[in-house]
Structures are given as C-alpha cells and as structure tokens.
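Undergrad: Can you read through this structure? Questions will come right after.
The values are calculated or read from the model by the stated rules, or taken from the named source; none is laboratory data. Source: prediction; values computed, not measured. All Cβ positions, glycine included, derive from the backbone under ideal geometry; neighbour counts span all protein chains shown. The protein model used for the area step is the full one, side chains on, heavy atoms only, and it has no ligands, DNA or RNA in it. Shrake-Rupley method; radii C 1.70, N 1.55, O 1.52, S 1.80 Å.
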Amino acid sequence: RMVQFASPDRAIMATASTTPVRAQLARRLRALITEGTYRPGDRLIERELCERLQVSRPSIRETLRQLEAEGLLDIIPNRGPVVRMIDVTEMLELWEVRLALECLIARRFALHGSSGDADDLERRIKALDVALRAQDRARIKAAKNAFFESFAGGAHNEALATYFRQLTVRLSFLWTSSLMIPGRPAESIGELLALLAAIRACNPDAAQAAVVLHNEHAKAIAMHGLRVFEESRRPAAATQ
C-alpha cells in the first residue's frame with residue numbers, strides 16, 4: 001500500500017522509487033529459472049520464495065503475475081504458479097521469433113556497438129568457453145545468460161533487448177544440451193568468435209550470417225535436449 005503524502009509530487013516520487021526494487025525482484029526470480037533452480041513443470045511456493053528472496057508475500061505475488069504475463073509461468077487454480085512447460089512445436093515457434101530478434105541484434109551491434117561493447121562480448125565468450133570445458137552445467141547457464149545480456153546490450157535498443165530476454169528465459173533450460181554432442185562446445189565457441197569478428201569489422205551482413213549458422217546448429221541440439229528433458233519428467237509426472 002502506498003503511503004499518502006500531503007504533496008502529490010512526493011507521492012509520485014515515492015511510487016517511482018519502488019519501481020527499481022520490483023524490477024530487481026523480477027530479475028532475481030527470472031535468474032532462478034534461467035539458471036535451472038526451477039525448471040519447466042516445477043511449482044513455485046510463495047512462502048519458500050519469500051524466504052529465499054527475503055521479500056514480502058505481496059511483492060512475490062506481484063512479481064509472479066508479471067512473469068505470468070511474460071509467458072514464463074502458468075498460475076493454476078488450486079495449485080499456484082508453475083514454470084511453464086513447452087513442447088517441440090512451441091519451442092520451434094519461439095526459436096523462430098528469437099532468431100529474428102537475434103539477427104536484428106547482430107546487425108545493430110555491428111552498426112552501433114562500441115569497441116567497449118565488443119570487448120565485453122569477447123570476455124563473455126571466453127567465460128562461456130571455460131564453463132563448457134569444465135562441463136559445469138550451472139556455470140554454463142550463468143555464462144550463457146551473461147553472454148546473451150552482453151550481446152543484446154550491444155544493440156543499444158532496450159525494447160529489443162527486453163523481448164529477446166523474455167524468449168531466452170523461456171528456452172534457458174536447454175542451454176546445456178550441447179554437452180551431449182561430442183565436439184559441439186568447441187564448435188559453438190568458434191561460431192561465436194566468428195560473430196564477434198563480424199561485429200568488430202562493423203559488418204552487419206556477416207554478423208547476421210554468423211547468427212543464423214550458430215542457431216541452425218543449436219536448434220537441432222536443443223530439440224534433442226527437449227526430448228531428453230521430456231523423458232526425464234515422465235516418471236515424476238506418472239507418480240503424481
């Protein structure tokens with residue numbers, strides 16, 4: 001509940017000051033999904049979230065409604081919020097839209113990104129390479145998320161970054177699928193370095209081509225990963 005002040009200007013300032021807190025809470029809850037703490041089909045318990053994130057239940061409920069609107073959660077009557085499941089058809093639909101956004105990001109990064117943006121992207125690629133070599137799934141998810149944030153930031157278009165981020169979170173549980181394919185981690189890093197080279201050369205066509213190539217390889221592996229994930233969920237679902 002917003003505290004009422006005598007001055008309308010002060011009331012407006014008080015409301016505005018809570019916005020970063022809400023945005024931060026949404027980012028923290030998204031990260032729990034992106035990094036695999038909660039996976040598709042998992043139920044989110046409000047009390048547990050309050051304890052984990054050290055926030056009030058009204059704040060959690062508001063954030064859960066926001067993530068539901070973003071398509072990350074389903075709020076089911078008599079059960080509560082559940083991380084939304086996707087099937088192969090929906091995954092392909094999401095991937096198609098995400099690829100279109102990624103191509104636009106690549107082109108804008110090549111045209112509008114700074115040398116500092118490119119340096120940051122290179123650091124993220126190197127960190128991802130280290131995580132892949134270590135085969136640390138939690139570290140890989142965190143490194144991939146950091147890479148995507150850096151990549152989207154280089155486009156300097158906040159609306160584009162927001163839509164890309166939402167789709168990335170929806171597909172984030174597949175980000176370690178490449179570990180199942182021998183040689184794929186090294187190939188993936190090579191593709192990202194080609195993207196980086198195109199960005200540094202300020203070549204939007206080459207940057208887009210690098211993104212398309214990387215995504216074509218990643219999509220087939222992600223589909224395999226989704227089928228493996230579905231198989232892993234079936235015994236649990238059968239016992240409920």
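Undergrad: If L121 meets every condition in (1) in contact (Cβ under 8 Å) with a residue 12 or more places away in the chain; (2) surrounded by fewer than 21 Cβ atoms within 10 Å (Cβ to Cβ) apart from one, which number is that one?
TA: The one condition L121 does not meet is (2).
Undergrad: Right, next: Out of the residues in the stretch 139-156 that are outside any loop (DSSP other than H, G, I, E, B) and open to solvent by 60 Å² or more (accessible area, probe 1.4 Å), state the one that is modelled with the highest pLDDT. Quick ask: steps written out before the conclusion?
TA: First, pick out the residues of the stretch 139-156 that are outside any loop (DSSP other than H, G, I, E, B): 139-153.
If we keep only those that are open to solvent by 60 Å² or more (accessible area, probe 1.4 Å) too, we end up with 139, 149.
Values: R139: 89, E149: 95.
Only one residue tops the list, namely E149.
Undergrad: Still on this structure: What are the pairs, 6+ residues apart or on separate chains, where a residue within the stretch 76-87 that is under 17 Å from R61 (Cβ atoms) has its Cβ under 8 Å from a residue that is aromatic (F, W, Y) and surrounded by 10 or more Cβ atoms within 10 Å (Cβ to Cβ)?
TA: V83/Y38
Undergrad: Pairs, please: C-beta under 6 Å, at least 6 apart or cross-chain, first residue part of a helix (DSSP H, G or I) and in the stretch 194-208, second open to solvent by 60 Å² or more (accessible area, probe 1.4 Å)?
TA: P204/R107; P204/L111; Q208/R107
Undergrad: Residues in the stretch 38-57: is at least one open to solvent by 80 Å² or more (accessible area, probe 1.4 Å), under 25 Å from R139 (Cβ atoms), within 19 Å of the chain's Cα centre (by Cα) and basic (K, R)?
TA: yes
Undergrad: Output the qualifying pairs, or none if there are none: Cβ atoms under 9 angstrom, residues six or more apart or on different chains, first residue in the stretch 26-40 and on the phi > 0 side of the Ramachandran plot and in a loop (DSSP other than H, G, I, E, B), second residue of a type in the set (V, I, T) and open to solvent by less than 30 Å² (accessible area, probe 1.4 Å).
TA: Short answer, once both residue conditions are applied: G36/T176.
Undergrad: Filter the stretch 66-78 down to the residues that are within 24 Å of L171 (Cβ to Cβ) and exposed (fewer than 13 other Cβ atoms within 10 Å of the Cβ) and list them by number. Step through it out loud before you land on a result.
TA: Initial filter on the stretch 66-78 (within 24 Å of L171 (Cβ to Cβ)): 66-76.
Once the filter is applied, which keeps residues that are within 24 Å of L171 (Cβ to Cβ) and exposed (fewer than 13 other Cβ atoms within 10 Å of the Cβ), the stretch 66-78 yields A69, I76.
Undergrad: Quick check on A127: is it modelled with pLDDT of 90 or more, farther than 14 Å from R108 by Cα and either in contact with a Gly (Cβ under 9 Å, 6 or more places away or on another chain) or not charged (D, E, K, R) (or both)?
TA: Working: modelled with pLDDT of 90 or more: yes; farther than 14 Å from R108 by Cα: yes; either in contact with a Gly (Cβ under 9 Å, 6 or more places away or on another chain) or not charged (D, E, K, R) (or both): yes.
The answer is yes for A127.
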